[in-house]
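Trainee: Below are the structure tokens for one structure; questions will follow.
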Amino acid sequence: MKTIGIVGSPRKNGNTEILTTHALKAINEEGIETELVRLAGLDIKPCSACMVCKTGEKCAIEDDLFPIYLKMKEADGIILSSPVYFGSATGLMKSFMERAGYISRLNGEPFRGKVGGPIVVARRAGKNFTFAQLTLWFQILGFFIPGSTYWNVAVGRDKGEVERDEEGLRTAWNFGKNIALLIKKLKN
Ligand SMILES: Cc1cc2nc3c(=O)[nH]c(=O)nc-3n(C[C@H](O)[C@H](O)[C@H](O)COP(=O)(O)O)c2cc1C
């Protein structure tokens, strides 16, 4: 059993990564292997609508997307995490979602029945919108999305500030616990 947390901030070691690592720790405590995947520094271009993925499980764009897509296929749980940029997910995360989502949809929907959900961080505004934006991706691809004790959103601006958001950390932690619980229930 494995869960991967994909962090869509272009900033390494930032608030989104801290919060995602926290959720992954809660999952790992339950005996599920975890891995953090940073999109920061990777080359993830937006979908070009070439429709090559309609002819097979592949993408015409040769960058860092496809190896992560293959990793997602192997996982039982997937978290997508993004900071809020101008009221929505980062361009990096959006590019990732477009291509991973389309390859999946046109090739047997391999994410259907997996467990997953979003985590969002912002300085102030746009958290719920971005949370909903990411949730729509999980919904259309057939994931089971567990809840937590609040929506999975937290507050922070400069690197590390999210550590002061006790409720945000607790929410991410409880989300992780529910991911682990659901994965185990589905496996039994
Ligand atoms: C280009 C840019 C746009 C941003 N837009 C918003 C925004 O719309 N609302 C908000 O509350 N914070 C906004 N922020 C702040 C980030 O969401 C915040 O700093 C977050 O903690 C960054 O996460 P990270 O440390 O994982 O990179 C923006 C930051 C940047 C760099």
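The values are calculated or read from the model by the stated rules, or taken from the named source; none is laboratory data. Note that the structure is a prediction, hence the values are computed from the model and not measured. Counting neighbours? That spans all protein chains shown, and the Cβs are built from the backbone with ideal geometry, glycine included.
Trainee: Please find, within segment 17-35, the residue that is surrounded by the fewest Cβ atoms within 10 Å (Cβ to Cβ) out of those that are of a type in the set (S, T, N, Q) and farther than 21 Å from K185 by Cα.
Mentor: In this case the residue turns out to be T21.
Trainee: Of the residues that make up segment 17-27, is at least one outside any helix (DSSP H, G or I) and either among the acidic types (D, E) or out of contact with any helix residue (DSSP H, G or I) (no Cβ under 9 Å at 6 or more places or on another chain) (or both)?
Mentor: No: zero hits.
Trainee: Something else: Going by the structure shown, is L70 surrounded by 14 or more Cβ atoms within 10 Å (Cβ to Cβ) and not polar (S, T, N, Q)?
Mentor: no
Trainee: Here's a follow-up. How many residues does segment 138-163 contain that are part of a helix (DSSP H, G or I) and over 17 Å from N15 (Cβ atoms)?
Mentor: Adding up the residues that qualify gives 3.
Trainee: Could you tell me whether segment 130-149 includes any residue that is within 16 Å of the ligand (Cβ to nearest atom), loosely packed, with under 15 Cβ neighbours inside 10 Å and either modelled with pLDDT of 95 or more or closer than 14 Å to G113 by Cα (or both)?
Mentor: Within segment 130-149, one or more residues are within 16 Å of the ligand (Cβ to nearest atom), loosely packed, with under 15 Cβ neighbours inside 10 Å and either modelled with pLDDT of 95 or more or closer than 14 Å to G113 by Cα (or both).
Trainee: Any residue that is within 16 Å of the ligand (Cβ to nearest atom), buried (at least 21 other Cβ atoms within 10 Å of the Cβ), touching a residue at least 24 places away in the same chain (Cβ under 8 Å) and assigned to a helix (DSSP H, G or I) - is there at least one of those in segment 104-127?
Mentor: yes
Trainee: Would segment 82-100 turn up any residue that is among the small types (G, A, S), in a helix (DSSP H, G or I), more than 13 Å from the ligand (Cβ to nearest atom) and closer than 18 Å to L141 by Cα?
Mentor: yes
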